[in-house]
Amino acid sequence: MSVWTLCLFVVSIALAVCGGLAKLRAYRSLLWGSAMLLIITALFPRPGNWVGQYLFAEEPAGIHLPIQLIGLAWWILGAWLLKSILELILSKTIFPHDNQPHARRLFADLASALIYVVAFVGIIETVLKQPISAVLATSGVLAIVLGLALQNTMADVFSGLAINIEHPFRAGDWITLNGDVEGEVMEINWRATRMRSAVNDLIIIPNSVIAKAIVRNHRPLNYPYVVTIAIQIDHSIAATRVLEVLRLAAVASPDVSKLIPPTAYACGFKDSLVAYQLCFGIESFASLPDVQSNVIQRVMESCRVGGLPIGRAPLEVCVVPQSSHGLNSPSA
């Protein structure tokens, strides 16, 4: 037995032992798969390797196992190991905190498909001893038919790749599509994007549709999300007093972001009313309904305590009873 073959056996035994350790349990399949690949490589028949010659070579005293068997096992196991190592590298480097699991899976699936295509070509060329050009020519017509039948699916696939490369939104973002479809992105897979609406409805949209839509991402860009509340106060109340009451009501809310100070503006007239806007920031778009409701309650309470009538002041109507000696009474 050659020194190279002996080294392969020693390393494979070491990897198998490491795979049995409790501390390396998460990498057990990789370690044992690597050990098996090294053993298959060591058993491959070549000059100086009497074990491989005995098992696979055509010798009178050998077992005469089919050499194609070890070739298939080597290519398939090698492709699986390379795919698993790639997924591990993606989880430890590009996606270290697993905050984009679906984007990682999409890239891993694409790379896995490429790896298995290379393994298929290797099996055709080296194991089955067939020219790959003949196989490609035979499957050319089938590829055209499948391409025409799956053109919509392929559009979704390439749109999904573009979304994960360009990152207009990610898993966990709240987005609005064309102003009417709104929800939290749950998954971006090969064909479609899955969203969860505010009422927990599951929305599935093909990636090609999203690629053509106007997407509004509510993820804050270095600053909190700004919320605006409109209110109308009677014009008889001084504007400076109203602005101060509105601002203090927003400041008193514990859920309002401290990064953006709340501000209030007088923005227009409507009959005897003055229109005001109160602007404040929130950290998460998902908390908008709760924070907005809390601020509105505080504004109402502050206006009630401060004597600021919201909307038009109530009108007092006096009803005068008609006199029996009025215009319609009969003349004497």
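Please treat every number below as a calculation from the coordinates, not as lab data. Since the structure is predicted, the reported quantities are computational estimates derived from the model, not experimental observations. Every residue, glycine as well, gets a Cβ built from its backbone with ideal geometry; the counts of neighbours run over all protein chains shown.
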Self-check item: Exposure proxy order (Cβ contacts within 10 Å, fewest to most) of Asp234, Asp290, Asp156, Asp271
Solution: Asp271, Asp290, Asp234, Asp156
Quiz prompt | Computed FRET value (nearest 0.05) for Arg216 with Ser91, which takes r as the C-beta separation and R₀ as 30 Å | solution = 0.45
Quiz item: Under a plain spin-label model, where a point goes 7 Å from the Cα along Cα-to-Cβ, how far apart in nm are Met154 and Tyr116?
Solution: 1.9
Practice problem: For a footprinting-style exposure proxy, rank Tyr27, Tyr223, Tyr276 by other Cβ within 10 Å, fewest first. | Solution: Tyr223, Tyr27, Tyr276
Quiz item: Relative to the present Cα-Cα distance, how much length would full extension add between Leu21 and Glu301 at 0.36 nm per residue of separation?
Solution: 94.3 nm
Quiz item: Rounded to a whole number, what is D in µm²/s for segment 153-217 from Stokes-Einstein with the Kirkwood radius over alpha-carbon pairs (20 °C, 1.002 mPa s)?
Solution: 187
Quiz item: If we count other beta carbons within 10 Å of each Cβ, what is the order of Phe158, Phe280, fewest first?
Solution: Phe158, Phe280
